[in-house]
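First up is the structure itself, then whatever we jot down about it.
The values are calculated or read from the model by the stated rules, or taken from the named source; none is laboratory data. These figures come from a predicted structure and were not determined experimentally. Please note: Cβ atoms are built from the backbone with ideal geometry, for glycine as well, and neighbour counts cover all protein chains shown.
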Amino acid sequence: MKRSRSIYYLLTLLLLLSASDLHASAESDYDLGLKAYQAGDNVAAAAYFESALDQGMESLSLLYNLASSYYKVGRLEEAKEYFKQLEQTGAMRDIARYHLGLIAVKEKDVFLARQYFSSVVSSGEDKKLTGLSEKHLAALSGKEKRWRSLLSFNTGYDDNIFSASGDSVLDEADSFYELYASTDILLSGGRTDGWLMGAGLYGMKFNSNDENDQYNFLLGLQRATRFADWDSNIHLKLSKSTYAGDDFQTMTKLDVIARKSITRRERIYLRYRGDVIRSDNAIYDYLEGWRQRARIEYRNYAADNIKNVYYEFELNDRGTLVTAIDSYDYSPTRHTVRGVYTHIIDEHWWLTGDLAYRFSEFEASPTIDRVDDQWKLSLSADYRFDRTMKLTAKYQYTDNDSTVDRYIYDKSVFKIGMSKLF
């Protein structure tokens, strides 16, 4: 019995000594790696840091030094792997994104580099990194891609394609396909301070019923600039649309957006949109006129979530639909409040919840006094393959209550699709 106990204690002691030696060896290799790194021998530094990692040493400083050594010897794929691990930590997020921006520059991916450097500037937590990132952004302004394009394709199902009351004969469900494509060209300057011209195409086609098919074609000229401490975009657009295969509307649009940082993680947005609407089909002349919308929005960017809320005020001066029994005004005054919360699980998975309430008051007619209350809820999940491509699944529910029966409806829409930024 005593002999077996002695053997047990001896084996335990040997295991403890072995673990201690391994720990000391990992620490020793890490220290040797630091000396080699400081001496400029990055090949040796990477080897020592690899050895420390293989022996079980775990620390953010080890991962950072290993990633930096890989970067300096040109092993960019391995450097990206470890910098992306560090990007998921709060303490090392900005420095990791800064280095990922440097790697993107080496790989001649100007758009991705600008995204990383802009993220560091938006964070603003490290003044030195912020200053360096701003210098890189300035240097990249002349190297930006002149052309940028977006392609998105969705397929889905709408259980009430005409937004009709539940007891109406128009209450019809159908599946659909949805396509959006846009492109723009940088005419002069940069995308944050320059002139751009763009074009877009949107189409929605239903499988069984073509009476709700929609297509829209758009051309636009945009000026991006900065006034005082506000970043702004002024966009003038001309769009033409069809509905159910027939000409529908031509619209001239003015869209002005201004953004200001109020803290390192908080932004405030102001937006004005004005539309002049011309009917291209006598059937829809009652929709002709103008529409104006003004919005104030607050956004908060945290490490693992994005929160934004806005209020929008809308005025319309449009026509009236006159039928044999009633007249229906189409010039509402609207108030909309909306909140969106996005949870960032990791670099690939993003979940979003979106809730909006809209109150619409229409001018009273001799026979109808219309007021609408609308709630809209949507839930979506994104899988982001990278910063340019994602798969999205989305569910949206709309409930519209009205003092006029024909405008009372609810509907559910589900769609799934891919989008790619070029």
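Of all residues in segment 287-327, those satisfying the criterion of being among the hydroxyl-bearing types (Ser, Thr, Tyr) and either farther than 21 Å from Asp372 by Cα or in contact with a strand residue (DSSP E or B) (Cβ under 8 Å, 6 or more places away or on another chain) (or both) are Tyr298, Tyr301, Tyr310, Tyr311, Thr320, Ser327. Quickly run through segment 212-230 and pick out the residues that are within 22 Å of Thr250 (Cα to Cα) and free of Cβ contacts under 8 Å to residues at least 40 places away in the same chain. Scanning segment 212-230 gives Asp213, Gln214, Tyr215, Asn216, Phe217, Leu218, Leu219, Gly220, Leu221, Gln222. Restricting Ser163, Ser122, Ser152 to residues that are at pLDDT 90 or above, among the hydroxyl-bearing types (Ser, Thr, Tyr) and outside any loop (DSSP other than H, G, I, E, B) narrows the list to Ser152. Of all residues in segment 173-191, those being in a loop (DSSP other than H, G, I, E, B) and crowded, with 17+ Cβ neighbours inside 10 Å number 1. Taken together, the residues in segment 192-214 that are more than 24 Å from the chain's Cα centre (by Cα) and part of a strand (DSSP E or B) amount to 3.
Residue under question is Phe83, and the condition is that it be closer than 30 Å to Asn216 by Cβ and among the aromatic types (Phe, Trp, Tyr); does it hold? So Phe83 fails the test. Please go through segment 111-147 and pick out each residue that is surrounded by fewer than 16 Cβ atoms within 10 Å (Cβ to Cβ) and of a type in the set (Val, Ile, Thr). Selection gives nothing. Of all residues in segment 259-289, those satisfying the criterion of being within 21 Å of Leu238 (Cα to Cα) and part of a strand (DSSP E or B) are Arg271, Tyr272, Arg273, Gly274, Asp275, Val276, Ile277, Arg278, Ser279, Gly289.
Only a single item in (1) outside any helix (DSSP H, G or I); (2) under 19 Å from His136 (Cβ atoms); (3) not small (Gly, Ala, Ser) is not met by Gln115, and it is number (1).
Only strands (runs of 3 or more DSSP E) whose full extent lies in segment 320-405 are considered here, and the ones with at least 2 residues that are more than 21 Å from the chain's Cα centre (by Cα) and acidic (Asp, Glu) are 371-384, 389-402.
Within the option set Ser59, Ser51, being assigned by TED's automatic domain parsing to the domain that holds Leu102 and surrounded by fewer than 17 Cβ atoms within 10 Å (Cβ to Cβ) holds for one residue only, Ser59. Answer yes or no as to whether Pro332 is more than 21 Å from Ile408 (Cβ to Cβ) and either without any contact (Cβ under 8 Å) to a residue 60 or more places away in the chain or surrounded by 14 or more Cβ atoms within 10 Å (Cβ to Cβ) (or both). In short, no.
For Gly101, the stated conditions do not hold, so it cannot be described as surrounded by fewer than 17 Cβ atoms within 10 Å (Cβ to Cβ), in a helix (DSSP H, G or I) and small (Gly, Ala, Ser).
Step by step: first the residues of segment 224-276, then only those that are basic (Lys, Arg) and at pLDDT below 95, then the one that is nearest to Gly124 (Cα to Cα). Which residue is that? Only one residue tops the list, namely Arg264. Quick one: how many residues across segment 290-303 are part of a strand (DSSP E or B) and within 23 Å of the chain's Cα centre (by Cα)? Total satisfying the criteria: 9.
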